[in-house]
Amino acid sequence: MIERGARSLFNVELLPAKEGDCILVEYGPPDRPHRILIDGGRKSTVSSVRERLAPDNAVDLFVISHIDLDHIEGAVELLEGNPNLAIGEVWFNAYRHVSGSRNERGARDGEALSRLLGDKKIAWNEAFGGDAVAISGDGSLPLVPMPGGLMITVLSPTQAKLRRLEARWVAECERAGIVAGKGNERSGRAARRLRCEQIDIEALASAPFFPDDSRPNGTSIALLAEFEGRRALLAADAHEDTLVSSLQRLRNGGPPFRLDLLKVPHHGSAGNLSNRLMAEIDCPRYAISSDGSRHGLPDPDSIARIVKACTSPCELYFNYRSPFTLIWEMLSAKSKLPFSVIFGNDGHLKIKLLAGGNDPSSTYAKSAKTRG
């Protein structure tokens with residue numbers, strides 16, 4: 001427990017995940033912070049994760065948001081190659097959560113991860129009674145207290161979008177020669193690269209919105225993390241309609257929901273961040289995790305929607321310098337809109353959300369409550 005009046009930290013770090021996500025959240029006492037790891041990026045990300053978790057090699061919670069390789073591949077590698085990693089709990093929706101079957105073990109990397117969680121006997125979705133980490137179509141949102149006083153509200157996925165993934169999961173497992181739900185048992189889009197003089201922020205921000213319809217992305221676990229009055233929305237690759245619906249529940253008819261940081265959904269894809277979503281929040285900081293190597297993200301439309309919506313100074317955090325991010329640094333010097341750009345160091349970027357000196361509880365409830 002932190003002594004009353006003592007300073008505490010609340011940091012969100014983007015680790016080098018290439019085109020993917022690997023996010024480390026640290027909060028609490030600076031000399032021994034609590035940790036939440038979200039996604040594992042690619043296999044090459046694992047060395048950075050191990051370095052950051054040293055010397056205690058422990059996390060309170062490991063969230064694998066969904067089964068896309070740029071989120072799950074490094075997670076499988078981390079668990080296979082790090083037998084001494086201490087994990088309080090894992091949140092991951094496997095095949096049994098997608099299909100609704102409680103009798104099967106939680107496609108390919110999803111099956112491998114399911115096998116590892118079972119073999120290592122790691123607490124798995126324990127806060128949800130072993131069921132899916134998901135929200136209902138309406139009503140209250142799951143609220144989970146973490147050790148040290150941080151609170152997590154689950155904003156995505158819905159049960160309906162989890163069910164939509166089942167056929168895709170089975171088909172991918174069949175192509176790989178494995179059986180869905182048996183833990184590995186045997187049986188690109190063209191990027192738009194624009195020059196600075198071609199960028200019209202107003203036109204890009206008002207361009208038609210075509211929502212992401214990827215079934216795996218629709219199952220993304222998106223979280224609101226709150227600690228000592230600060231809020232970070234860690235959106236994974238969540239669908240826009242699910243995020244908007246959850247934010248509307250949190251607002252409950254009030255003003256735009258105040259955030260201190262938004263980890264922009266789907267690496268800044270234009271299909272996951274809309275003007276409608278921006279209207280739901282009041283936020284000064286936006287983090288985008290992508291090196292642009294595979295899909296040319298972030299999309300210019302998405303970043304234009306962010307900066308157009310900022311009525312007061314806001315900051316864009318990019319963990320990589322690329323042709324798709326450097327252009328916004330040039331525009332920030334030319335545009336009259338109040339935004340600035342901060343880059344990471346070759347994929348690594350730490351964002352400090354300064355917390356106060358409150359006296360957070362150190363208790364941890366092992367079941368989800370609801371919020372709403």
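The values are calculated or read from the model by the stated rules, or taken from the named source; none is laboratory data. Just so we're clear, the structure is a prediction, and the values are computed from it rather than from any experiment. Accessible surface areas use protein heavy atoms only, side chains included; no ligands, DNA or RNA. Shrake-Rupley method; radii C 1.70, N 1.55, O 1.52, S 1.80 Å.
Heavy atoms only, probe 1.4 Å: what % of the accessible area of the chain goes to carbon and sulfur, would you let me know?
Details: 7150 of 15100 Å².
With neighbouring chains kept in place, the figure for the chain is 47 percent.
Taken one residue at a time, the phi angles of segment 66-72 give Karplus couplings (6.51, -1.76, 1.60, θ = phi - 60°) of 6, 8, 4, 4, 6, 10, 9 Hz. Gly and Pro are set to x.
When the C-alpha to C-alpha distance is required to be over 29 Å, the pairs from K43/K334; K161/K263; K43/K336; K43/K161; K18/K161; K263/K308 that qualify are K43/K334; K43/K336.
Considering only the Cα atoms of segment 15-151, their convex hull presents on average a projected area of 8.7 nm².
Please report the projected area of segment 1-81's Cα convex hull averaged over all directions, in nm². Spell out each step's value before the answer.
Working: hull surface 21.4 nm².
For segment 1-81, the mean projected area of the Cα convex hull comes to 5.3 nm².
Mean sequence separation of contacting Cα pairs (under 8 Å, at least six apart), scaled by the length of segment 201-300, corresponds to a relative contact order of 26 percent.
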